[in-house]
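Here the structure is laid out as structure tokens; the discussion comes afterwards.
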Amino acid sequence: MTYIHDSIEQLKKTSPAQTEFYQAVEEILESLAPLLEKNPKYRQHSIIERLLEPERQIMFRVPWVDDDGKIQVNKGYRIEFNSALGPYKGGLRFHPSVNASIVKFLGFEQIFKNALTGLPIGGGKGGANFDPKGKSDAEIMRFCQSFMTELHRHIGPNTDVPAGDIGVGTREIGYLFGQYKRLVNRFDGVLTGKSTLWGGSALRKEATGFGCVYFAQNMLEDEDSGLENKRCLVSGSGNVAIYTMEKLYELGAKPVACSDSNGTIYHEQGIDLDLVKEIKEVRHARLSEYCDTHEDAEFTAREDYPEDGEQIWRYKADVAFPCATQNELNEHDAQCLLENGVKAVVEGANMPCTQKAIDLFVEQRTLFGPGKAANAGGVATSQLEMAQNASMTRWTQDEVDEQLQCIMRRIYNDAKQTAEEFDQPNSLVLGANIAGFRRVADAMIEQGVV
């Protein structure tokens with residue numbers, strides 16, 4: 001479609017050298033062609049042009065002092081993309097790879113992910129090219145305080161509500177919130193992912209992983225018996241991967257592989273989840289230590305990975321859950337998964353599959369759960385935390401879990417029904433993109449040119 005092509009080419013001129021952002025935009029816009037042809041009002045109201053340009057982009061210096069007394073400087077970001085449905089909502093990522101392109105791709109995806117939840121939240125994202133690994137608690141605290149000293153003037157419980165992401169857990173959220181409270185002299189529900197001691201929600205840490213599995217369960221129940229007795233590959237070993245594996249075990253599935261930045265563990269008997277939690281959450285160590293306890297497990301170091309992809313996707317399984325990072329699963333990996341019997345791929349991370357990999361899954365009619373739908377459980381539970389903060393109440397774990405299951409079922413049904421509406425029942429990618437876009441676009445039209 002010429003309109004879509006021209007919009008992407010114009011974006012490349014106005015936002016140069018932002019590869020990840022282009023990838024996210026192309027994946028979404030190309031699937032919108034049937035909707036744009038059917039409903040010319042979206043073009044008449046320049047919805048695409050307005051969506052591609054964030055409402056606000058904030059970039060700032062973050063100076064801080066390390067334990068040796070040396071001044072360090074990082075770059076901070078907050079992209080407030082779209083507020084048509086509610087306050088900007090999206091995580092903060094602290095990782096050396098963070099740049100404008102990464103933050104914009106994440107923020108753009110967040111618009112549609114948040115819309116799919118059906119909850120009143122807009123899309124945003126932020127972070128810094130700061131690496132918490134190897135830093136002392138005191139260094140992380142000083143960095144967070146400096147970061148919030150600038151960020152606080154741009155956020156608020158009804159304006160922009162950040163959460164955690166890679167490199168930002170309960171510890172970092174605590175330091176950020178403490179500085180915010182100190183600066184504004186208010187106890188606002190301005191950050192989610194807080195400790196349950198002071199306003200956090202039950203299941204927030206587990207929500208993305210749990211939600212991903214609930215989405216997979218809904219998808220598989222439409223096809224066969226669900227997740228029971230399924231062998232699963234789960235990349236990563238952070239919160240999303242760990243709690244994906246936990247919920248898989250609860251539903252009768254067996255995760256047999258996981259990974260970290262140093263390598264991949266394969267354990268035919270099933271991953272020892274308690275050991276993984278101890279290694280990653282208590283010792284903050286590498287997965288290679290897993291084999292010290294389980295000699296029958298296999299560890300493949302990253303330097304021994306195949307040149308054309310990731311080791312974890314080379315094992316036989318029924319379902320794959322890419323839960324680590326963007327573009328971790330390429331076309332070669334996708335081919336290996338298909339050859340090894342994988343029937344479903346469900347994205348726990350943001351944009352973990354390349355477009356060529358997705359195209360192959362769709363072509364082979366492999367069940368595919370796109371990240372903006374499948375991993376929306378985290379932001380959905382963040383909004384539930386916002387609701388609890390606003391009403392000064394606290395819900396039980398069972399209450400939150402019940403709502404999370406309902407939200408993930410609704411997201412799956414909306415994506416599936418929309419795909420069927422446009423005569424592409426095998427493409428939840430198209431269904432999710434159109435369902436999310438339509439909700440945001442209609443709200444933008446009703447609110448006028450703003």
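Is it the case, given these coordinates, that Gly169 is surrounded by fewer than 19 Cβ atoms within 10 Å (Cβ to Cβ) and either without any contact (Cβ under 8 Å) to a residue 12 or more places away in the chain or under 21 Å from the mean Cα position of the chain (by Cα) (or both)?
yes
Hey, among Ser15, Ser83, Ser97, Ser101, which residue is among the polar types (S, T, N, Q) and more than 26 Å from Thr208 (Cα to Cα)?
Ser15
Any chance you could count how many residues in the range 305-356 are touching a helix residue (DSSP H, G or I) at 6+ places or on another chain (Cβ under 9 Å), polar (S, T, N, Q) and under 17 Å from Thr208 (Cβ atoms)?
Residues meeting the conditions: 2.
Please note which helices (runs of 4 or more DSSP H) are completely contained in the range 239-328 and include at least 2 residues that are at pLDDT 95 or above and within 30 Å of Gly164 (Cα to Cα).
239-250, 273-277
One residue is enough: does the range 56-75 have a residue meeting the conditions within 20 Å of Ala443 (Cβ to Cβ) and either of a type in the set (Asp, Glu) or assigned by TED's automatic domain parsing to the domain that holds Glu150 (or both)?
Checked the range 56-75: at least one residue is within 20 Å of Ala443 (Cβ to Cβ) and either of a type in the set (Asp, Glu) or assigned by TED's automatic domain parsing to the domain that holds Glu150 (or both).
So, in the range 152-182, exactly how many residues are in a helix (DSSP H, G or I) and in contact with a strand residue (DSSP E or B) (Cβ under 6 Å, 6 or more places away or on another chain)?
1
Quick check on Gly123: is it in contact with a helix residue (DSSP H, G or I) (Cβ under 6 Å, 6 or more places away or on another chain), assigned to a loop (DSSP other than H, G, I, E, B) and buried (at least 17 other Cβ atoms within 10 Å of the Cβ)?
no
Go through (1) without any contact (Cβ under 8 Å) to a residue 24 or more places away in the chain; (2) under 19 Å from Glu347 (Cα atoms); (3) among the polar types (S, T, N, Q) and name the single condition Gln405 misses.
Of (1) without any contact (Cβ under 8 Å) to a residue 24 or more places away in the chain; (2) under 19 Å from Glu347 (Cα atoms); (3) among the polar types (S, T, N, Q), only one is false for Gln405: (1).
May I ask you to verify whether Lys113 is closer than 20 Å to Ala435 by Cβ and assigned to a strand (DSSP E or B)?
The answer is no for Lys113.
Is there a residue being touching a residue at least 12 places away in the same chain (Cβ under 8 Å), farther than 17 Å from Met351 by Cβ and over 27 Å from the mean Cα position of the chain (by Cα) anywhere in the range 12-31?
No, the range 12-31 contains no residue that is touching a residue at least 12 places away in the same chain (Cβ under 8 Å), farther than 17 Å from Met351 by Cβ and over 27 Å from the mean Cα position of the chain (by Cα).
Considering only residues that are of a type outside the set (Asp, Glu) and touching a Lys or Arg at 6+ places or on another chain (Cβ under 6 Å), look in the range 269-322 and name the one that is farthest from Leu367 (Cα to Cα).
Gly270
Which residue pairs have Cβ atoms closer than 7 Å, lie 6 or more positions apart in sequence or on different chains, and pair a first residue in the range 228-246 that is surrounded by fewer than 24 Cβ atoms within 10 Å (Cβ to Cβ) with a second residue that is modelled with pLDDT under 95 and assigned to a strand (DSSP E or B)?
Hits for this filter: zero, empty list.
Filter the range 33-70 down to residues that are surrounded by 15 or more Cβ atoms within 10 Å (Cβ to Cβ) and of a type in the set (Asp, Glu), then give me how many there are.
Total satisfying the criteria: 1.
Sort through Glu328, Glu420 and tell me the only one that's at negative phi and free of Cβ contacts under 8 Å to residues at least 40 places away in the same chain.
Glu420
Of the numbered conditions (1) in contact (Cβ under 8 Å) with a residue 60 or more places away in the chain; (2) under 20 Å from Thr192 (Cβ atoms), Phe105 satisfies every one except a single condition; which is it?
Of the numbered conditions (1) in contact (Cβ under 8 Å) with a residue 60 or more places away in the chain; (2) under 20 Å from Thr192 (Cβ atoms), the odd one out for Phe105 is (2).
Among the residues of the range 172-200, which ones are over 23 Å from the mean Cα position of the chain (by Cα) and on the phi < 0 side of the Ramachandran plot?
Within the range 172-200, Gly178, Gln179, Tyr180, Lys181, Arg182, Leu183, Val184, Arg186, Phe187, Asp188, Leu197, Trp198 meet the criteria.
What are the residues in the range 354-396 that are of a type in the set (Lys, Arg) and crowded, with 20+ Cβ neighbours inside 10 Å, if any?
Lys372 - this is the single residue of the range 354-396 that is of a type in the set (Lys, Arg) and crowded, with 20+ Cβ neighbours inside 10 Å.
Just the residues that are in contact with a strand residue (DSSP E or B) (Cβ under 8 Å, 6 or more places away or on another chain) and hydrophobic (A, V, I, L, M, F, W, C), please, taken from the range 349-405.
Cys353, Ala357, Ile358, Phe361, Val362, Leu367, Phe368, Ala374, Val379, Met386
Scan the range 47-74 for residues that are among the charged types (D, E, K, R) and over 27 Å from Gln10 (Cα atoms) and report the count.
5
The values are calculated or read from the model by the stated rules, or taken from the named source; none is laboratory data. A quick note: this is a predicted structure, and the numbers were derived from the prediction, not measured. No Cβ is skipped: glycine too gets one built from the backbone with ideal geometry, and neighbour counts run over all protein chains shown.
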